[in-house]
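The values are calculated or read from the model by the stated rules, or taken from the named source; none is laboratory data. Keep in mind the model is a prediction, meaning the values are calculated, not measured. Counting neighbours? That spans all protein chains shown, and the Cβs are built from the backbone with ideal geometry, glycine included.
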Amino acid sequence: MSARKNPTGQQLQISDGEHVAVITEVGANLRSYRVGERDVITSFDEDELPPASHGAVLVPWPNRIGDGTYEWDGQTYRLPLTEHAPRLTALHGLVCWTRWDVTEHTASSVTLAHDLVPQPGYPWALHSEITYTVSHDGLEVTLTTRNESDEDAPYGTGFHPWLSPGGADLDECTLRIDAERHVTIDERLLPTGTEKADGAWDFTEHRSLAGVALDDAFVGITRNAKGLSWIELTAPDGRTAAVWTDESMDTWQVCTGDGILGAHRTGVAAEPMTCIADAFRTGQRLVRLAPEQEHTVRWGLVLR
């Protein structure tokens with residue numbers, strides 16, 4: 001199948017020894033990442049669309065905006081709804097289904113760029129560049145977005161990798177999350193507050209996923225001596241697929257895919273984000289990106 005006939009465009013492979021990743025031209029998605037024969041993330045085929053935002057880059061907001069409507073500097077904006085009844089939200093930003101430009105592609109690294117044009121629901125111009133690099137240490141991702149408008153822009157970002165259980169049943173795996181607070185939600189999955197992540201929400205130590213369904217955000221994240229926060233999924237084979245973020249992001253979203261077509265308990269979405277859902281309406285953790293200001297985040301994946 002030619003690149004143009006692939007629904008996600010060119011398939012951009014990068015590798016270093018046993019570490020092999022594929023990034024797509026459309027959406028700059030991380031389609032797959034393997035170490036040897038072991039998947040680190042749950043992948044999708046080159047002739048498929050990402051089944052549940054697998055590997056997506058979420059700009060200029062992660063997660064959802066209730067009713068697709070928000071106010072910014074006294075003006076009301078309305079975005080197209082992409083998540084329909086009963087939730088009625090604008091989901092996962094504006095760059096998931098557009099082609100990115102490949103600006104550099106080496107054996108172990110690829111950089112893609114995207115220019116978000118102003119539109120009625122988001123009348124600001126943003127330039128984003130994302131770089132994926134693999135090495136013997138794992139996969140590292142850096143995203144920088146610049147506001148090319150004349151006015152301050154509301155901004156947030158996040159990423160949507162699904163950690164792989166390595167062919168095992170998710171109920172046989174354990175999960176650990178570096179976070180001390182759980183975000184409470186309403187029936188539309190919009191935040192209502194936070195609470196201590198204890199009892200059923202305490203994943204500060206590895207615990208079984210047997211019978212556990214998650215589609216929840218966590219804040220109050222903790223970090224190791226290197227300033228990194230982690231989510232770890234350990235399978236029965238003893239291998240651990242893990243995602244980290246540095247201090248540029250301070251929010252986790254975790255989803256086991258229960259009831260989601262193409263993602264039902266096939267992995268764990270472990271999403272580093274700059275803000276939780278509905279940030280455009282609440283202002284919580286929302287970035288005010290000034291004209292010509294750049295915002296950079298960094299995260300990555302490893303297999304232990």
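Only residues that are of a type in the set (A, V, I, L, M), surrounded by fewer than 20 Cβ atoms within 10 Å (Cβ to Cβ), closer than 28 Å to residue 12 by Cα and in contact (Cβ under 8 Å) with a residue 60 or more places away in the chain: list them for the range 73-130, please.
Those that are of a type in the set (A, V, I, L, M), surrounded by fewer than 20 Cβ atoms within 10 Å (Cβ to Cβ), closer than 28 Å to residue 12 by Cα and in contact (Cβ under 8 Å) with a residue 60 or more places away in the chain: 102, 107.
One residue is enough: does the range 65-86 have a residue meeting the conditions closer than 21 Å to residue 249 by Cα, among the small types (Gly, Ala, Ser) and modelled with pLDDT of 95 or more?
Taking every residue of the range 65-86 in turn, none turns out to be closer than 21 Å to residue 249 by Cα, among the small types (Gly, Ala, Ser) and modelled with pLDDT of 95 or more.
Using the structure shown, decide if residue 251 is crowded, with 24+ Cβ neighbours inside 10 Å, under 21 Å from residue 93 (Cβ atoms) and touching a residue at least 24 places away in the same chain (Cβ under 8 Å).
Spelling it out, residue 251 is indeed crowded, with 24+ Cβ neighbours inside 10 Å, under 21 Å from residue 93 (Cβ atoms) and touching a residue at least 24 places away in the same chain (Cβ under 8 Å).
Determine whether residue 117 is of a type in the set (Val, Ile, Thr) and either in contact with a Gly (Cβ under 9 Å, 6 or more places away or on another chain) or under 19 Å from residue 24 (Cβ atoms) (or both).
No, not satisfied.
Using the structure shown, decide if residue 241 is in a strand (DSSP E or B) and crowded, with 18+ Cβ neighbours inside 10 Å.
yes
So, in the range 59-87, how many residues would count as being farther than 23 Å from residue 273 by Cα and part of a strand (DSSP E or B)?
Total meeting the criteria: 2.
For the range 219-240, which positions are modelled with pLDDT under 95 and of a type in the set (D, E, K, R)?
Hit for the range 219-240 is 237, nothing else.
Under the condition of being hydrophobic (A, V, I, L, M, F, W, C) and part of a loop (DSSP other than H, G, I, E, B), which residue from the range 13-43 is farthest from residue 262 (Cα to Cα)?
Only one residue tops the list, namely 28.
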